[in-house]
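Enquirer: This is the structure I want to talk about, given as structure tokens.
The values are calculated or read from the model by the stated rules, or taken from the named source; none is laboratory data. The shown structure was predicted, so the numbers you read here are calculated from the model rather than taken from an experiment. With ideal geometry, Cβ positions are generated from the backbone for all residues, glycine too; neighbour counts draw on all protein chains shown. These accessible areas exclude ligands, DNA and RNA; they are computed on the full protein's heavy atoms, side chains included. Shrake-Rupley method; radii C 1.70, N 1.55, O 1.52, S 1.80 Å.
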Amino acid sequence: MASQRRRPFQRPPLSLRPPSSASENLPISDTRVPIDEVRSSNQVPMDDGSMSSSQTYNEEWQRLRRWAATCVAMYAAYAAILVSVYHRSNYLERSIANEGDYERHALMERLTLMDNEDCYNQLRMGKDAFARLVTILRGTGRLRNNAHSNVEEQVAKFLHIVGHNLRNRTMKFYFKRSSETISRHFHQVLRAIISLDDVFLKQPDGLKCPQEIKDNTKFWPYFKDCIGAIDGSHFRVKVSNDAVQRYRGRKYYPTQNVLAACSFDLKFTYVLPGWEGSASDSRILDNALVRDFDKLIVPQAKTGFLTPYRSTRYHLKEYSVHQPENAREVFNLRHSSLRNAIERAFGVLKKRFPIIASGTEPHYPVDTQSDIILACCILHNYLMGVDPNERLIAEVDRELFSEEAEFESMVLSLAEKCKEGEILREKIAMDMWKDYNRNR
């Protein structure tokens, strides 16, 4: 037999129907054909080659299906691992955030709701004073609650920094916040407090005599026209090497000279920060009287500035041993008692807010440090009205008295040395004179 060309394998259809012509010619009969016979009659005869090709195709098809199923399973497992890692990281972040929120809530509750002494020690004011300050600052519109922190936390962080001279990295540990968040909240609260200068830094109009003068016969009626005391104080600053010489004055480190006036109840009425430490008090005062912004106002009914007598005993301690001997010394003694108010005000200010009193170099540049000094003066006035802290004032008075005592002992020691020097000078001069006459 001649070999026939093998036809390509074609997958048989699922069901075979006889030709339409054959079905039309079949007679209709009620005779039922057995199912087995029908199946045998519908089968298509296939040769050996077609059977092997069909088996090969089925094997390849099954292998492809298994490979696809394996790939799908691997990708599904990989996706499941990614989803689990993602949810795990989110869970850890949420756990850390929840832990930080819990610790912050516990800290704020301990500071502002539980022990008043803790609030004094950490925030430099009592619980009621802190709550009122938060209400005032919230009323300025510059501080608002947000999704992550409230106004109470922001103000507490600022007070904790200025009350202990702390760095942002320390606050980051206590409040579980980033350094950027700590810095942002600090400057927001700083600007909000400075916006209250018109409320808490009011210059007197001179229409009323201070009660501290009226109630003291040593001052009334001699100082009835006095409205306050004025002086300058030096605060350390952080400046570049090029500007160090301009800011170096009385101290060996750079400072800024802050001019301030206060009433006799120790409240500041005028504050002018920012001047270099080398600038004299008289130069700063002249500028304060003529500047267009933040000008020092002297009421028209007042004559000006009342200064003590020169070359006359002045400090209070100098009169503790020797009483005044003339009119000038009596005036200087009582003038010093009144002027002592500005020294006490500066002392309480620095004692309450160590950030401006520390001998170490500040953490902030000079412009920010000037704003901090102004903000601390505003807070000082607020606290002198609602929470003056008499213990702190008494501590400052004791320190000032001790400093005056040390100054007095130094003056007496210097005077004794001067007397000894005068005696030695006279002896040397007489010996020189005798030798001069003998050899002439």
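Enquirer: Roughly how many Å² is the accessible area per residue of segment 112-201, as a whole number, for a 1.4 Å probe? Walk me through the numbers before you get to the answer.
Expert: Values: 4440 Å² over 90 residues.
It amounts to 49 Å² per residue over segment 112-201.
Enquirer: What FRET efficiency comes out for the pair residue 302/residue 251, r = Cβ-Cβ distance, R0 = 30 Å, nearest 0.05?
Expert: Rounded to the nearest 0.05, the efficiency is 0.35.
Enquirer: In whole Hz, with x marking every Gly and Pro, tabulate ³J(HN,Hα) for segment 253-270 from phi via Karplus 6.51 cos²θ - 1.76 cosθ + 1.60, θ = phi - 60°.
Expert: My calculation for segment 253-270 gives 10, x, 9, 10, 9, 9, 8, 8, 10, 9, 7, 7, 9, 6, 9, 6, 10, 7 Hz in order.
Enquirer: Between residue 173 and residue 368, what FRET efficiency follows from the Cβ-Cβ distance if R0 is 22 Å, with the result rounded to 0.05? Don't skip to the answer; put the middle values down first.
Expert: Numbers: r = 22 Å, r/R0 = 1.01.
E(calc), rounded to 0.05, equals 0.50.
Enquirer: Hey, what's segment 264-382 come to in accessible area per residue, 1.4 Å probe, Å²?
Expert: 49 Å²
Enquirer: How large is the dipole of segment 211-439 about the Cα centre if only Lys and Arg carry +1 and Asp and Glu carry -1, each at its Cβ, rounded to the nearest 20 debye?
Expert: 320 debye
Enquirer: Highest first, please rank the peptides 57-67, 165-175, 251-261, 232-242 by the mean number of other Cβ atoms sitting within 10 Å of their residues.
Expert: So the order, starting with the most tightly packed, is 251-261, 232-242, 165-175, 57-67.
Enquirer: So what's the net charge close to residue 357: Lys and Arg +1, Asp and Glu -1, counting the other residues with Cβ under 11 Å from its Cβ? Don't skip to the answer; put the middle values down first.
Expert: Details: positive: 236, 350, 351, 352; negative: none.
Spelling it out: positives minus negatives among the neighbours equals +4.
Enquirer: Taking 0.36 nm per residue of separation and subtracting the Cα-Cα distance, what length does fully extending residue 311 through residue 361 add?
Expert: Extra length available between residue 311 and residue 361 comes to 14.3 nm.
Enquirer: For segment 112-201, take the convex hull of the Cα atoms, compute a quarter of its surface area, and give me that in nm², please.
Expert: Details: hull surface 23.4 nm².
For segment 112-201, averaging the hull's shadow over all directions gives 5.9 nm².
Enquirer: Could you grab the relative contact order for segment 112-201? Cα pairs under 8 Å, six or more apart, rounded to a whole percent.
Expert: Averaging sequence separation for qualifying contacts and normalising by length gives 26 percent for segment 112-201.
Enquirer: Ignoring everything but the protein chains, give the 1.4 Å probe accessible area of residue 398 in square angstrom, nearest 10.
Expert: Spelled out: residue 398, probe radius 1.4 Å, area about 150 Å².
Enquirer: How long is the gain from residue 436 to residue 131 if the chain were fully straight, where each residue apart is worth 0.36 nm and the alpha carbon distance is subtracted?
Expert: Length difference between fully extended and current span is 101.5 nm.
Enquirer: With a Förster radius of 35 Å, plug the Cβ-Cβ distance of residue 105 and residue 203 into 1/(1 + (r/R0)^6) and report the FRET value to the nearest 0.05.
Expert: Efficiency for this residue pair is about 0.25.
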